[in-house]
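Reading through the structure tokens given below for one structure.
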Amino acid sequence: GYFWEGIPPYLLPIIAKALGPDVVAVETGTYQGDSALKFAEAFGSCTTIERSETLGEAAQERFANNSRINVLIGSSRDLLAIALPDRERACFIWLDAHGVYDHSGADTEENPLLAEVEVIANMRGSRNTVIGIDDARGMGTQPGWPSTGQISKLLLAQGFDVIL
């Protein structure tokens, strides 16, 4: 999130190789669905969560004939636990849920990142899980956005390795 818009494309094959076969991708913050499509191509499938009803419905329409992509509409705080596979299945998680200023969301909190990390830590743990976080340039600088230090502390406490 410092230098790329979205995930750097060269990372996807590296993550896929590290996690092995049968990986599930989960994304929060669908926007127009471009990342979901990349993740489905890299990992075989992607469940993406979009809080904006307008954007979520557009993504559902875009991917109506693509069985590899499942679009859920609602808060990642509520739907992430449903979207995550069980602990035994490898998972790549891309966290990119936050306000989009030309679309309104129902959440009262601007950035649900800490809540998302807590859900992941409670449901999956660090084994066979890779988490990518977009928009690092905004962490700790936008109202309601946690700092990279807060995020790192939470992940480290749950046994994750952190690379900034």
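The values are calculated or read from the model by the stated rules, or taken from the named source; none is laboratory data. Here the structure is a predicted model, which means the values were calculated and not measured. With ideal geometry, Cβ positions are generated from the backbone for all residues, glycine too; neighbour counts draw on all protein chains shown. The protein model used for the area step is the full one, side chains on, heavy atoms only, and it has no ligands, DNA or RNA in it. Shrake-Rupley method; radii C 1.70, N 1.55, O 1.52, S 1.80 Å.
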**Asked** Which residues, counting only those in segment 48-65, are modelled with pLDDT of 95 or more and farther than 16 Å from Ile133 by Cα?
**Response** Gly56, Glu57, Ala58, Ala59, Gln60, Glu61, Arg62, Phe63, Ala64, Asn65
**Item:** Selection within segment 25-50 - open to solvent by 10 Å² or more (accessible area, probe 1.4 Å) and farther than 20 Å from Ala81 by Cβ
**Value:** Tyr31, Gln32, Asp34, Ser35, Leu37, Lys38, Glu41, Ala42, Gly44
**Prompt:** Would segment 103-116 turn up any residue that is modelled with pLDDT of 95 or more, open to solvent by less than 80 Å² (accessible area, probe 1.4 Å) and aliphatic (A, V, I, L, M)?
**Reply:** no
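Here are Asp22, Asp96, Asp86: which of them is within 22 Å of Ser126 (Cβ to Cβ), under 12 Å from the mean Cα position of the chain (by Cα) and open to solvent by 20 Å² or more (accessible area, probe 1.4 Å)?
Asp96
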**Members of segment 132-164 found to be in contact with a helix residue (DSSP H, G or I) (Cβ under 8 Å, 6 or more places away or on another chain), open to solvent by 40 Å² or more (accessible area, probe 1.4 Å) and under 18 Å from Ser76 (Cα atoms), listed by number** = Ile133
**Message:** Quick check on segment 51-58. Is at least one of its residues under 13 Å from the mean Cα position of the chain (by Cα), buried (at least 18 other Cβ atoms within 10 Å of the Cβ) and either in a strand (DSSP E or B) or of a type in the set (Asp, Glu) (or both)?
**Reply:** no
**Asked** Counting just the residues of segment 120-131 that are under 16 Å from the mean Cα position of the chain (by Cα) and either modelled with pLDDT under 85 or not in a helix (DSSP H, G or I) (or both), which one comes out surrounded by the fewest Cβ atoms within 10 Å (Cβ to Cβ)?
**Response** Gly125
